[in-house]
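Heads up: the structure comes next, in structure tokens.
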Amino acid sequence: MDISDYPTPDEEIHRYESHNNDVEDPRYQKFVSPLVDKILEHYSPDDKGLDFGAGTGPVITKMLTDEGYDIITYDPFFDNNTTVFDETFDYIVSCEVIEHFHEPHMEFERLRGMLNPGGALFLKTDVYTEDIDFHAWYYKSDETHVFFYHPETFRWIKEAFNFIKLEIDGRHISLFA
């Protein structure tokens with residue numbers, strides 16, 4: 001999206017507050033469960049995690065803390081605890097967030113710098129491919145979605161930020177440090 005068309009912070013907050021993000025909602029839990037499963041597969045409760053862009057209902061954090069995991073939240077609008085930027089983590093999870101990045105290069109550089117060696121970044125977003133009719137694509141109609149990702153973009157991110165492994169499984173992207 002052209003930067004002149006970016007929503008204002010107030011417009012973004014209004015849009016995010018319209019989401020139904022009840023952490024007890026089984027449908028919401030099912031929606032994020034592939035990310036939770038990735039963390040459960042690769043990390044233990046002793047590892048430290050960050051739910052980056054947790055929003056108004058940090059369901060991933062709730063599901064992992066219910067399993068005894070050590071995970072904290074950050075959200076620029078709803079939990080703007082910038083002290084997290086001075087910490088490092090074994091894993092960072094970001095569900096339906098990266099398409100909102102106004103400065104993706106800076107954000108990925110920041111996230112990569114916050115990962116411990118052997119850490120991972122787990123993402124969820126709709127990935128654009130050539131078989132999608134962009135003009136009819138529902139994902140571009142959200143005015144807060146300002147940046148879209150192609151599989152080639154994730155390969156570039158892997159190389160540019162020195163990740164050692166990339167996995168793309170539909171809407172679920174894993175980058176391993």
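Table for the structure above
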item: Boolean, Phe78 is touching a residue at least 60 places away in the same chain (Cβ under 8 Å), in contact with a Gly (Cβ under 9 Å, 6 or more places away or on another chain) and either more than 10 Å from Phe122 (Cβ to Cβ) or of a type in the set (Asp, Glu) (or both); result: yes
item: Residue within region 39-52 that is more than 17 Å from Gly119 (Cβ to Cβ) and either assigned to a loop (DSSP other than H, G, I, E, B) or not small (Gly, Ala, Ser) (or both) present; result: no
item: Residues of region 53-70 that turn out to be more than 16 Å from the chain's Cα centre (by Cα), more than 18 Å from Arg27 (Cβ to Cβ) and not in a strand (DSSP E or B), as a count; result: 4
item: Any hit, region 6-28, residues being at pLDDT 95 or above, closer than 16 Å to Thr144 by Cα and of a type in the set (Asp, Glu); result: no
item: Subset tally (residues that are among the hydroxyl-bearing types (Ser, Thr, Tyr), over 20 Å from Thr144 (Cα atoms) and buried (at least 16 other Cβ atoms within 10 Å of the Cβ)) for region 41-58; result: 1
item: Filtered residue count, region 135-168, keeping only those that are acidic (Asp, Glu) and without any contact (Cβ under 8 Å) to a residue 12 or more places away in the chain; result: 3
item: Selected residue (criterion: nearest to Ala54 (Cα to Cα)) from residues of region 7-40 that are exposed (fewer than 12 other Cβ atoms within 10 Å of the Cβ) and in contact with a helix residue (DSSP H, G or I) (Cβ under 9 Å, 6 or more places away or on another chain); result: Asn20
item: First in region 43-72 and under 29 Å from His14 (Cβ atoms), second anywhere and among the small types (Gly, Ala, Ser) and at pLDDT 95 or above, Cβ under 7 Å, 6 or more apart; result: Phe52/Ser94; Gly53/Ser94; Thr61/Ala54; Leu64/Gly49; Ile71/Gly49
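Results for (1) surrounded by 15 or more Cβ atoms within 10 Å (Cβ to Cβ); (2) small (Gly, Ala, Ser), shown as yes or no for each residue.
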{"position": "Asp75", "(1), (2)": "yes, no"}
{"position": "Val84", "(1), (2)": "yes, no"}
{"position": "Glu99", "(1), (2)": "yes, no"}
{"position": "Phe108", "(1), (2)": "yes, no"}
{"position": "Ala120", "(1), (2)": "yes, yes"}
{"position": "Ala136", "(1), (2)": "no, yes"}
{"position": "Ala160", "(1), (2)": "no, yes"}
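The values are calculated or read from the model by the stated rules, or taken from the named source; none is laboratory data. These numbers were taken from a predicted model, which means no experiment stands behind them. As a convention, Cβ positions derive from the backbone with ideal geometry for all residues, glycine included, and neighbour counts pool all protein chains shown.
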